[in-house]
Amino acid sequence: MSSEFNNEEESPGFMLWQVTNLWQKAIRNALDPFELTHPQFVLLFSCKWLNERSDHTGITQVQLAQHAQMDVNVTSQVVRTLEKKGYIERRPHPTDSRANMISVTKAGDEVASKAVQAVEREDRAFFSSLGHEVGDMNRLLRQLAKR
């Protein structure tokens with residue numbers, strides 16, 4: 001059985017795989033000084049971002065998972081780790097006994113604010129070769145994300 005593609009550069013899936021691996025390596029290196037994994041960073045910063053938009057009333061774990069487009073069980077494990085690190089805290093939801101409200105601690109806010117600068121700096125460097133076409137790439141990625 002052979003591929004319909006003449007070479008690997010014709011396969012969008014394979015190219016996405018390669019670029020994703022290169023980008024993830026760059027992001028891992030950017031996050032190393034903060035002792036955060038990429039999923040930890042995404043959930044910590046997402047929690048900070050969502051809380052800032054909800055007047056710091058807290059968000060649920062389900063809301064956090066949905067925002068990050070991450071599996072609820074994986075989100076639960078990462079949230080537990082972030083809580084052990086002292087970066088987030090959970091408290092009972094005021095109206096839903098099955099849910100907890102998640103908010104970022106002062107230490108979590110500080111590390112998230114510093115880490116996002118490193119991640120965004122790495123993003124700019126990584127995607128700089130696209131120049132003004134980065135907007136086109138974002139548009140295409142948004143289109144794929146709506147699937």
Counting only residues that are among the charged types (D, E, K, R) and modelled with pLDDT under 95, which one in the stretch 1-33 is farthest from the chain's Cα centre (by Cα)?
GLU4
Does at least one position in the stretch 23-39 carry a residue that is under 19 Å from THR105 (Cβ atoms), touching a residue at least 24 places away in the same chain (Cβ under 8 Å), aliphatic (A, V, I, L, M) and in contact with a strand residue (DSSP E or B) (Cβ under 8 Å, 6 or more places away or on another chain)?
no
For THR20, state whether it is within 19 Å of THR105 (Cα to Cα) and among the β-branched types (Val, Ile, Thr).
no
Within the stretch 115-127, restricting to residues that are within 19 Å of LEU50 (Cβ to Cβ) and in contact (Cβ under 8 Å) with a residue 24 or more places away in the chain, the one that is surrounded by the fewest Cβ atoms within 10 Å (Cβ to Cβ) is VAL116
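Conditions tested, residue by residue: (1) among the aliphatic types (A, V, I, L, M); (2) out of contact with any helix residue (DSSP H, G or I) (no Cβ under 7 Å at 6 or more places or on another chain).
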{"site": "LEU43", "(1), (2)": "yes, no"}
{"site": "ASN51", "(1), (2)": "no, yes"}
{"site": "GLN61", "(1), (2)": "no, no"}
{"site": "ALA65", "(1), (2)": "yes, no"}
{"site": "VAL79", "(1), (2)": "yes, no"}
{"site": "GLN117", "(1), (2)": "no, yes"}
{"site": "ASP123", "(1), (2)": "no, yes"}
{"site": "SER129", "(1), (2)": "no, yes"}
Which condition from (1) at pLDDT 95 or above; (2) surrounded by 18 or more Cβ atoms within 10 Å (Cβ to Cβ) is the one that THR105 breaks?
(2)
Can you find, within the stretch 38-70, the residue that is modelled with the lowest pLDDT among those that are farther than 13 Å from ALA115 by Cα, part of a helix (DSSP H, G or I) and aliphatic (A, V, I, L, M)?
VAL62
Can you name every residue in the stretch 71-119 that is in a strand (DSSP E or B) and farther than 20 Å from HIS38 by Cα?
ARG90, ARG91, PRO92, ASN100, MET101
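Quick check: anything in the stretch 18-37 among the aromatic types (Phe, Trp, Tyr), out of contact with any Phe, Trp or Tyr (no Cβ under 7 Å at 6 or more places or on another chain), part of a helix (DSSP H, G or I) and surrounded by fewer than 16 Cβ atoms within 10 Å (Cβ to Cβ)? Spell out how you get there, then give the answer.
Here is the first cut: in the stretch 18-37, the ones among the aromatic types (Phe, Trp, Tyr) are 23, 34.
With the extra rule that they be out of contact with any Phe, Trp or Tyr (no Cβ under 7 Å at 6 or more places or on another chain), the set shrinks to 34.
Keeping just the survivors that are part of a helix (DSSP H, G or I) gives 34.
Then drop every residue that is not surrounded by fewer than 16 Cβ atoms within 10 Å (Cβ to Cβ), which leaves none.
So far as the stretch 18-37 goes, no, none of its residues is among the aromatic types (Phe, Trp, Tyr), out of contact with any Phe, Trp or Tyr (no Cβ under 7 Å at 6 or more places or on another chain), part of a helix (DSSP H, G or I) and surrounded by fewer than 16 Cβ atoms within 10 Å (Cβ to Cβ).
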Just need a number here: residues in the stretch 89-108 that are more than 28 Å from ALA145 (Cα to Cα) and within 16 Å of the chain's Cα centre (by Cα).
1
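The values are calculated or read from the model by the stated rules, or taken from the named source; none is laboratory data. The model shown is predicted, which means the values in this text are computed figures rather than measured ones. Note that each Cβ is placed from the backbone with ideal geometry, even for glycine, and that neighbours are counted across all protein chains shown.
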